[in-house]
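These notes are about the structure you will find just below.
The values are calculated or read from the model by the stated rules, or taken from the named source; none is laboratory data. What you are looking at is a predicted structure, and each value in this text was computed from that prediction instead of being measured. Here the Cβ is made from the backbone with ideal geometry for all residues, glycine too, and neighbour counts use every protein chain on show.
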């Protein structure tokens with residue numbers, strides 16, 4: 001190849017291939033030209049150890065692939081099942097390369113590293129006096145007496161390579177070699193070569209020696225007698241205590257996951273087959289996210305918990321005398337029962353309003369509200385002026401976090417998400433009215449943050465009516481403080497009432513239906529029955545009732561799991577439940593949010609970014625996190641909502 005063409009080709013490989021390798025996209029394909037380039041430079045241009053190490057590392061990527069943290073891992077299985085030509089054959093070839101080429105390459109690396117350190121050890125023996133003098137005079141930070149340091153280094157360099165060659169105790173043999181390499185690098189000789197040694201040894205430490213090793217065959221032999229080495233449960237669950245968790249919300253799921261290593265038969269019962277991330281449910285209702293972005297099947301979450309079974313059933317009672325959870329004409333027995341049944345909307349005695357002013361607690365609620373909101377805009381295109389005003393007036397009752405977030409999202413949808421979509425009216429003329437019976441919005445937050453939230457709502461043209469009560473709701477609007485507001489869409493975010501779990505047990509409860517619990521969250525007189533989250537009337541450090549928010553549910557679920565685990569294993573029981581308040585956040589709209597962490601209070605853009613990061617971090621599943629981030633990025637850049645579909649019938 002002529003020099004100019006070779007230079008351009010080399011530059012192209014060095015600029016393009018590393019980008020794909022960094023993202024783990026087409027990793028094996030991109031590793032090959034980098035491997036070839038490294039070998040060409042080594043044998044046709046200049047010989048340096050660095051080039052060989054480059055080639056070895058690129059060969060590792062080709063033989064073993066990029067690992068789980070890569071785009072190849074995320075999209076590879078789906079691509080293999082597509083109708084693309086040769087997709088299945090390519091997937092089979094890649095799988096075969098990983099299965100057979102990977103272990104062979106691991107053997108090559110073991111032999112390579114063994115040769116390097118064995119040769120170094122022999123060199124030390126051949127010139128022992130010089131080696132001792134080197135440890136005495138040359139090391140910047142002498143860690144041991146020179147004779148002992150030289151003897152220890154020589155023993156490691158001669159002993160560990162033998163284990164690497166045999167593949168016996170490979171991971172353990174890699175550790176002293178990595179430590180010794182680090183000591184040399186930072187106390188004596190600073191060379192790039194040492195970092196490559198550490199990388200290759202680190203691969204052996206993380207991935208193991210492969211099946212071409214004594215470690216693999218010894219593990220296979222031991223697995224016949226110890227089933228847990230073959231991926232099976234370490235203990236039999238027969239005869240172990242039965243823990244039944246009713247409800248798979250934040251509290252129930254936290255409890256189930258915390259019992260993963262408990263010697264117990266855990267059963268999670270929920271009327272749905274998925275865990276829902278409720279804090280983002282309003283974004284489904286306002287067409288910013290799809291329901292799949294914030295929901296994950298229980299079976300996918302608990303797939304690796306061998307002691308956990310999931311049942312999709314609607315529980316309708318508890319037989320405490322016989323210790324059974326009832327659903328339909330069937331039941332399941334329990335030794336420990338955890339009630340995490342959540343809460344539903346409260347209309348304060350006006351239950352007939354539910355069909356006229358829906359609340360938002362589940363995906364069905366969100367999709368119904370989305371249909372109502374989007375249909376209002378669609379019907380407004382063909383309506384007369386009076387009807388259009390009713391259609392484009394949205395009333396949200398309740399100015400807690402859900403109400404504030406809903407009001408801000410609807411206003412943003414009208415002002416930005418639908419701009420230019422209609423011909424007979426301007427969507428930004430829609431009225432969004434937020435009604436609050438108290439003197440301020442977000443009453444659970446400090447007053448200064450409530451005031452800033454009120455200002456941010458004003459910036460979004462949301463009309464806020466404080467100290468106002470809803471007196472009547474009908475199909476044509478509401479009456480607030482004696483004033484009639486014509487509105488076709490009324491949404492409820494004013495209050496909740498606990499599930500009937502306390503009534504199932506005949507337990508003492510408050511006006512909201514929350515069961516009174518002991519300091520360890522068990523029910524008085526029923527030491528093996530616990531209530532958590534919105535189901536329980538738990539108290540904080542100062543005796544105040546804890547709020548019905550996700551952090552309370554998650555912490556109480558993990559706490560109850562620790563109580564049950566301690567009882568089953570005979571360990572000392574933990575102390576009373578203490579909620580650690582990590583603060584609260586609420587978003588109002590684009591670049592508008594508030595955050596309260598006690599000593600730190602934020603509003604505006606910093607709080608908005610923090611709110612987004614925290615909510616993405618707490619979503620269950622990498623797919624959901626990626627989907628939400630992409631949707632938010634699209635909406636942020638384009639000012640457009642991504643899921644404006646009207647489905648179902650009203």
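Out of the residues in the range 584-609 that are out of contact with any helix residue (DSSP H, G or I) (no Cβ under 9 Å at 6 or more places or on another chain) and surrounded by fewer than 19 Cβ atoms within 10 Å (Cβ to Cβ), state the one that is nearest to residue 541 (Cα to Cα).
Filtering the range 584-609 for residues that are out of contact with any helix residue (DSSP H, G or I) (no Cβ under 9 Å at 6 or more places or on another chain) and surrounded by fewer than 19 Cβ atoms within 10 Å (Cβ to Cβ), the one nearest to residue 541 (Cα to Cα) comes out as 598.
Just to be sure before I move on: is residue 428 surrounded by fewer than 18 Cβ atoms within 10 Å (Cβ to Cβ) and either at pLDDT below 95 or assigned to a loop (DSSP other than H, G, I, E, B) (or both) in the structure I sent?
When the stated conditions are applied, residue 428 passes them.
Listed here are the residues, each with its yes/no results for (1) crowded, with 24+ Cβ neighbours inside 10 Å; (2) modelled with pLDDT of 95 or more; (3) closer than 15 Å to residue 593 by Cα; (4) not assigned by TED's automatic domain parsing to the domain that holds residue 435.
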| residue | (1), (2), (3), (4) |
| --- | --- |
| 394 | yes, yes, no, no |
| 405 | yes, no, yes, no |
| 409 | yes, no, yes, no |
| 423 | no, no, no, no |
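Being assigned by TED's automatic domain parsing to the domain that holds residue 23, within 27 Å of residue 202 (Cα to Cα) and in contact with a helix residue (DSSP H, G or I) (Cβ under 6 Å, 6 or more places away or on another chain) is the requirement here; does residue 121 meet it? Spell out the reasoning first.
Details: assigned by TED's automatic domain parsing to the domain that holds residue 23: yes; within 27 Å of residue 202 (Cα to Cα): yes; in contact with a helix residue (DSSP H, G or I) (Cβ under 6 Å, 6 or more places away or on another chain): yes.
Yes; evaluated as a whole, the condition is true for this residue.
Quick grid of which residues meet (1) at pLDDT 90 or above; (2) surrounded by fewer than 18 Cβ atoms within 10 Å (Cβ to Cβ); (3) not in a loop (DSSP other than H, G, I, E, B):
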residue	(1), (2), (3)
142	no, yes, no
153	no, no, yes
168	yes, yes, no
173	yes, no, yes
179	yes, yes, yes
185	no, yes, yes
206	no, yes, yes
221	no, yes, yes
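When you check residue 338 against the structure, is it modelled with pLDDT of 95 or more, in the same structural domain as residue 504 (by TED's automatic domain parsing) and under 28 Å from residue 292 (Cβ atoms), yes or no?
Criteria met by residue 338.
For the range 502-537, name all the residues that are within 23 Å of residue 279 (Cα to Cα) and crowded, with 24+ Cβ neighbours inside 10 Å. Break it down into steps so the answer makes sense when it comes.
Pass one, the range 502-537, residues within 23 Å of residue 279 (Cα to Cα): 512-514, 531-537.
Those that are within 23 Å of residue 279 (Cα to Cα) and crowded, with 24+ Cβ neighbours inside 10 Å: 514, 531, 532, 533, 534, 535, 536.
Residues 512, 573, 586, 553: which one is in contact (Cβ under 8 Å) with a residue 40 or more places away in the chain, under 20 Å from residue 402 (Cβ atoms) and assigned to a loop (DSSP other than H, G, I, E, B)?
512
Can you pull out the residues in the range 354-366 that are over 18 Å from residue 283 (Cα atoms) and part of a helix (DSSP H, G or I)?
Hits for the range 354-366: nothing passes.
Could you tell me which of the residues 83, 96, 150 is under 29 Å from residue 58 (Cβ atoms) and free of Cβ contacts under 8 Å to residues at least 40 places away in the same chain?
96
Determine whether the range 42-58 contains at least one residue that is under 19 Å from residue 25 (Cβ atoms), modelled with pLDDT under 90 and surrounded by fewer than 16 Cβ atoms within 10 Å (Cβ to Cβ).
No: zero hits.
Among the residues of the range 124-140, is there at least one that is crowded, with 17+ Cβ neighbours inside 10 Å, in a helix (DSSP H, G or I) and modelled with pLDDT of 90 or more?
So far as the range 124-140 goes, no, none of its residues is crowded, with 17+ Cβ neighbours inside 10 Å, in a helix (DSSP H, G or I) and modelled with pLDDT of 90 or more.
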